[in-house]
1. Within the group VAL223, VAL234, which residue is buried (at least 20 other Cβ atoms within 10 Å of the Cβ) and either under 21 Å from ARG143 (Cα atoms) or in contact with a Cys (Cβ under 7 Å, 6 or more places away or on another chain) (or both)?
2. Would you mind stating whether THR104 is within 19 Å of the chain's Cα centre (by Cα), crowded, with 20+ Cβ neighbours inside 10 Å and among the β-branched types (Val, Ile, Thr)?
3. Are any residues in the range 79-92 over 17 Å from PHE19 (Cβ atoms) and not in a helix (DSSP H, G or I), and if so, which ones?
4. Cβ-Cβ under 8 Å, sequence separation 6+ or interchain: first residue in the range 128-139 and under 11 Å from CYS305 (Cα atoms) and in contact (Cβ under 8 Å) with a residue 12 or more places away in the chain, partner within 13 Å of the ligand (Cβ to nearest atom) and basic (Lys, Arg). Which pairs?
5. Which one of the conditions (1) near the ligand (Cβ under 8 Å from one of its atoms); (2) surrounded by fewer than 17 Cβ atoms within 10 Å (Cβ to Cβ) does ARG218 fail to meet, given that it meets all the rest?
6. Give the range 295-351 a look and list any residue that's part of a loop (DSSP other than H, G, I, E, B), crowded, with 18+ Cβ neighbours inside 10 Å and touching a Gly at 6+ places or on another chain (Cβ under 6 Å), or say none.
7. Could you figure out which of (1) in a loop (DSSP other than H, G, I, E, B); (2) within 12 Å of the ligand (Cβ to nearest atom); (3) without any contact (Cβ under 8 Å) to a residue 60 or more places away in the chain isn't true of GLY177?
8. In the range 126-141, what count of residues is obtained for those that are assigned to a helix (DSSP H, G or I), surrounded by fewer than 19 Cβ atoms within 10 Å (Cβ to Cβ) and not β-branched (Val, Ile, Thr)?
Amino acid sequence: MEALPDQMQIARLAAGGCFSRALATAARLGIADLMDGGALSHHVLAERTGSDPDVLLRLLQVLALGGVVEHDGNGAFAMTEAFAALRSDHPRSLRNFCILTAETYDDAFGALPHTVRTGESGFRQVFGVPLYEYLEADPEAGRIFDGAMSELARPVVAALVRRHDFSSVNTVVDVGGGDGTTLAGILAAHEHLRGVCVDRPGVCARAGEALRASAGPRIGERVTFHPADIFEEVPAGGDRYLLKNVLHDWPPERCERVLASIGRAMRRTAEAREPGLAPPRLLVLEPLPDQESDAAHVLFRMVMCGKDAGGFGEGDLRGLLQRSGFVPVRVERLAGGHHVFECVPDGAGQG
Ligand SMILES: C[S@@+](CC[C@H](N)C(=O)[O-])C[C@H]1O[C@@H](n2cnc3c(N)ncnc32)[C@H](O)[C@@H]1O
């Protein structure tokens, strides 16, 4: 029976998971890296990836349907230019993001009916623990997650350093800063800066050496990793505190706790300073969904973290900051879509 056009639409959407898993498998096998030197036959690729050649051929054909690879007419396949960012050494690589999204996150979406019915996290339903507990217990999954966050952070930090003046700042503390990519980007643009990256112990343990290897010793040596639970403790001593893509993972009461930790650290910093020196400031960076086209992003956060997380817009974030003792003195939208809220502690003056 031949499918009618309306059936084709349904079939295409329903089969989306097959294509996303095919993409993740290609990313895991490192097919884009292997093809960097040119087209390869499925036999050669099977040998280099330890795969079954017959199944690998079908995988490549499915990837060709999605425009990821193309057949060269002589029995070999090559990456298309449009998918070059699947390479791990590509400056805009999304290899880890592909694996994270099409595997772990997609597994969590298996419990979408549960989230739709109850408003609870599908991730927790599938994995039995919240996202960050799962990542702490599985270092390989943690590495993929840190890599994915780093890939997404690079263009945002490039836009941030173009817009934000760090010239009067000495130390930047990145709260929930992951593997230090954001700090590395800021420090690369400002030789005089030092950075403190605060994150979970497992993330900090693997990040220091990795950052020195990826960003080079001149940057790596200026970043300190500070393992801490940011709901309880954030170190004092920063002139700028950063909180990027952290709040959207949590319901409002947990967001208020992180902001309270930062507020305490900023107060301790201000008290230890010479009178007259400018008090520290907080930069909150969030990709605030403000249109219906962002619905997939919001639904995604609900499945990962429950319905109270991630759906907030600009007004909600302003309210949250105000309740937590922060006054936004400048709000700006960066190229690429993140909002930056530059805040001072309530009562600190806004000069
Ligand atoms: C969505 S990621 C954002 C990472 C980074 N700020 C960025 O924008 O790329 C959230 C980060 O918060 C960290 N995190 C979550 N819970 C934490 C906790 N209780 N204490 C410290 N860090 C935590 C995670 O490990 C992760 O690196």
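1. It is VAL223.
2. yes
3. Passing the criteria: ARG87, SER88, ASP89, HIS90, PRO91, ARG92.
4. Close Cβ pairs (under 8 Å, with a partner that is within 13 Å of the ligand (Cβ to nearest atom) and basic (Lys, Arg)) amount to TYR132/ARG200.
5. Of (1) near the ligand (Cβ under 8 Å from one of its atoms); (2) surrounded by fewer than 17 Cβ atoms within 10 Å (Cβ to Cβ), only one is false for ARG218: (1).
6. Across the range 295-351, the qualifying residues are LYS307, GLY325.
7. (3)
8. 7
Coordinate-derived values only; no laboratory data. All values reported here derive from a predicted model rather than from experimental measurement. Heads up, the Cβs are rebuilt from the backbone with ideal geometry, glycines too, and the neighbour counts pull from every protein chain shown.
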